Amino acid sequence: MITDSPKNSRTLRTIEHDADLVVVGGGLSGACAAIAAARHGLNVVLIQDRPVPGGNSSSEVRLWVLGATVHMTTNNRWAREGGIINEIMMENVWRNPGGNPVVWDTILLEKLAAETRVTLLLNTACHACEKHPDDEARITSVTAFNAQTSTLHIARAPLFCDASGDGILGFLAGAAFRMGAEPRGEFDEAFARSDDFGHLLGHSIYFQSRDTGHPVPYVAPSFALKGTEIESKIPRHKHISGTEHGCHLWWLEWGGRLDTIHDTEKIKWELWRVTYGIWDYIKNSGKFPESENLALDWVGLIPGKRESRRFEGDYMLSQKDIVGRRNHPDAVAYGGWSIDLHPADGLFAPVAGSHHVFPKGVYSIPYRCYYSRNINNLFLAGRIISATHVAFGSTRVMCTCAIGGQVVGTAAALCKKLDQLPRAIGKGDALARLQRQLLRDEQHIPAIPLRDSDDLARQAAITASSERIIESLPADANAVPLDCARAQLFPLQPGAAPRITLTLDADSSVEIHAELRTTSDPNHHTPDVTLAARTLAITKGIRQAHTLDFSDITISENCYAFLILRPAAGVRWHTTTGRVSGMLALRNWRAEKKTDVGGEEYEVFRADRRPDGRNFALRFDPPLRPYAPANILNGYHRPTNQTNTWVAADGDLAPALTLSWPESQTISHIRIGLDADYEHPMETVVYRHPERAVPFCVKDIRVLADDGRPLAEIRDNHQGWITITLPSPVSTKTLSIEVLATHGAPAAITQVRAYAAAPAL
């Protein structure tokens, strides 16, 4: 029993923490920042004001995690983000292919709990900070309160990161910020919106329903919108469906005319009125008989926020950086989502709920966007990074935020190692070390390969048991109609382009127009350069072989090419069952025509999800040879302007790579990159994924020394990278990597790195 006599006042229990880095905000950017910093030796305090990490991706909001893949609906190919967020998403698909948001919570919790250097403070809200008495540009501590435990936490560190979404730490510390939209002329942004459209994106609340198998009545709360209000106030009410739920309802958005921080509770109540009113409309209007057995299973208790404060760094990303895909010397991350702006009136707006400008490919984000320009020890991560309102329309999505978090965590570790503040890491040798470490840690930075002087594999000769040569993709699957333009994306090497034979069905005699295209830039996959056009005259019949001769076309450098067949009624193009790394079947999705608002004009070809999206049946003469063993040393671990992958031949029953040196090497640390299928978006909720492990990924692998002794054997792998730290260093002239099993596709390896010791920053 506890008793206490009357007192004038009492103080809260206070726990003090000393760390190397304090991260405020436990969404994906904050979580990835904390994990990255901890893995590089920093002690981290991660302060999260919600009961679980994940931010908008958590079970509290239930928004899918997305980034540059854009649901596979753009020309961004193999664009899924790498590094820590890729590791987490691949784990989620393995454990949670049905997209249960509660399971997603547990995966994030497990990843954070595994890092013993991370102190995770859940349900703990930052509300104050202290500055250095002699330096107003330096934070010394933050204070946060946990209402569940009635405890104050004071966290001290030399470095801080604001990943809080609303920028609470930056705001309290006096960091320069913006809220709303810049005038069109400030950054010459043609997509800047008018006052009628609005200058802030709103919040959303989602709901989910469940089929109970029996009729379920529903009585709406008194505060819900009535059916007549639904039809009179919501222009998009005709889009309401009895089966649509979750973040497919992203357009249930409101609040952009208000203060999206201080008016959040008001916005939440209005969204509740809308959500419960729409469910009442679905259940009781009589227009949705399919809803009879549906029960309202979940409604968000907090709104998912899109936009509030954006903080100023040494550089502000703008529309021209995204559309122009500018090269930045301090590039450390990338984006690829469209510039996606929403009307401030949200679901009540008379215009479409989202307005887009799509770049031709992914774009780089400079390091200068990830720290405050006036608070010298404050990193920025998540949606608050230094970008204009227009550019924020693209950088705000969670995968882009997550890789930025990894940038910050890695940069913080480098700050400690070099005894520097964030700004100093953005130039010279420090910047090169940051970029190198991000690439070592499986991040992708467009047009920047890994050049790692510590990697012994770079000095090795590479041989393989076999090499996949693409001579024929047999017509052993279905035939798809040419009801739209369809294309096969395939890699070409310097020399004469091949003759290509395809297999077609035709219901009548018809002419088919074909094109061989490539890209104007090796760093995107938009087919905007026509190399040749051909016409095929075909007659009625099935399984007809027709050859397109492109041998008069000279290819000057490695590139991806598109064989495009234009629409033709009654014609079908045969496909093949086999999947192979670095090749995709595509179909025309739409035309991007946004030159009037600072965008570009081009055709968009999308890929389809498995089990669809089979490659087209083709024969190449001469055969394609895009999978040389030497690809594993070129510094890329995903397709760019070439496959960057070694693939074994189909009939190779014992696929293996061997690294050989003229003299013995001392090796203790090995990294093996696998084909993680960066084309697959791996959305965390709503979507049900066709498999738990991507078929291109190696499942079982063994590593041998020159005397044949096994150094390591890994079974049941489903991740994109394998890390091997040997119990003790070995001396060997060769390193053999044997692929014992895959998850379905031929054996593929994208990188092998070998070190005398685990590489340090």
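The values are calculated or read from the model by the stated rules, or taken from the named source; none is laboratory data. Fair warning: this is a prediction, and the values are worked out from it, not measured in the lab. Here Cβ is always computed from backbone atoms with ideal geometry, including for glycine, and neighbour counts include all displayed protein chains.
So in segment 232-264, with the set limited to residues that are free of Cβ contacts under 8 Å to residues at least 40 places away in the same chain and not in a loop (DSSP other than H, G, I, E, B), which one is farthest from Trp298 (Cα to Cα)?
Ser232
What strands (runs of 3 or more DSSP E), lying completely within segment 621-717, carry at least 1 residues that are basic (Lys, Arg)?
Answer list for segment 621-717: 656-674, 698-704.
Taking segment 141-162, which residues are aliphatic (A, V, I, L, M) and either over 21 Å from Cys369 (Cβ atoms) or in a loop (DSSP other than H, G, I, E, B) (or both)?
Of everything in segment 141-162, those that are aliphatic (A, V, I, L, M) and either over 21 Å from Cys369 (Cβ atoms) or in a loop (DSSP other than H, G, I, E, B) (or both) turn out to be Val142, Ala144, Ala147, Leu152, Ile154, Ala155, Ala157.
Failed condition for Arg614, given (1) buried (at least 19 other Cβ atoms within 10 Å of the Cβ); (2) not in a loop (DSSP other than H, G, I, E, B), with all others met?
(2)
Any idea which of Gly165, Gly198, Gly185 is out of contact with any Leu (no Cβ under 7 Å at 6 or more places or on another chain), surrounded by 22 or more Cβ atoms within 10 Å (Cβ to Cβ) and part of a loop (DSSP other than H, G, I, E, B)?
That would be Gly165, the only listed residue that is out of contact with any Leu (no Cβ under 7 Å at 6 or more places or on another chain), surrounded by 22 or more Cβ atoms within 10 Å (Cβ to Cβ) and part of a loop (DSSP other than H, G, I, E, B).
For the condition assigned by TED's automatic domain parsing to the domain that holds Arg325, touching a Pro at 6+ places or on another chain (Cβ under 6 Å) and touching a residue at least 60 places away in the same chain (Cβ under 8 Å), what is the one hit in Ala349, Ala402, Ala412?
Result of the check over Ala349, Ala402, Ala412: Ala349.
If we scan segment 451-467, do we find a residue that is touching an Asp or Glu at 6+ places or on another chain (Cβ under 8 Å), more than 30 Å from Asp675 (Cα to Cα) and either among the polar types (S, T, N, Q) or in contact (Cβ under 8 Å) with a residue 12 or more places away in the chain (or both)?
no
From the list Ala533, Ala568, Ala506, which one is aliphatic (A, V, I, L, M) and free of Cβ contacts under 8 Å to residues at least 24 places away in the same chain?
Only one candidate qualifies: Ala533.
Please go through segment 400-435 and give me each residue that is touching a helix residue (DSSP H, G or I) at 6+ places or on another chain (Cβ under 8 Å) and over 21 Å from Glu312 (Cα atoms), ordered by number.
Passing the criteria: Ala413, Leu414, Leu418, Ala430, Arg433, Leu434.
For (1) touching a residue at least 40 places away in the same chain (Cβ under 8 Å); (2) among the hydrophobic types (A, V, I, L, M, F, W, C), each residue gets a yes or a no:
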site	(1), (2)
Lys266	no, no
Val274	yes, yes
Ile278	yes, yes
Ser285	yes, no
Glu290	yes, no
Asn293	yes, no
Asp297	yes, no
Lys305	yes, no
Arg309	yes, no
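Does segment 365-395 hold any residues that are closer than 19 Å to Ser338 by Cβ and not in a helix (DSSP H, G or I), and which are they?
Residues satisfying the conditions are Ile365, Ile385, Ala387, Thr388.
Considering only segment 216-227, I want to know if a residue exists there that is small (Gly, Ala, Ser), out of contact with any Pro (no Cβ under 6 Å at 6 or more places or on another chain), surrounded by 13 or more Cβ atoms within 10 Å (Cβ to Cβ) and farther than 20 Å from Glu292 by Cα.
The answer is no; no qualifying residue exists.
What about Gly54, is it among the small types (Gly, Ala, Ser), out of contact with any His (no Cβ under 8 Å at 6 or more places or on another chain) and buried (at least 24 other Cβ atoms within 10 Å of the Cβ)?
The answer is yes for Gly54.
Report yes if some residue within segment 63-71 is assigned to a helix (DSSP H, G or I), closer than 29 Å to Asp612 by Cβ and touching a Pro at 6+ places or on another chain (Cβ under 6 Å); otherwise report no.
Checked segment 63-71: at least one residue is assigned to a helix (DSSP H, G or I), closer than 29 Å to Asp612 by Cβ and touching a Pro at 6+ places or on another chain (Cβ under 6 Å).
Select from segment 581-597 the residues that are in contact (Cβ under 8 Å) with a residue 60 or more places away in the chain and polar (S, T, N, Q) and write down the one among them that is farthest from Asn631 (Cα to Cα).
Asn588
If the requirement is being out of contact with any Gly (no Cβ under 8 Å at 6 or more places or on another chain) and either crowded, with 18+ Cβ neighbours inside 10 Å or in the same structural domain as Gly67 (by TED's automatic domain parsing) (or both), which of these qualifies: Trp721, Trp646?
None of the others qualify; the one that does is Trp646.
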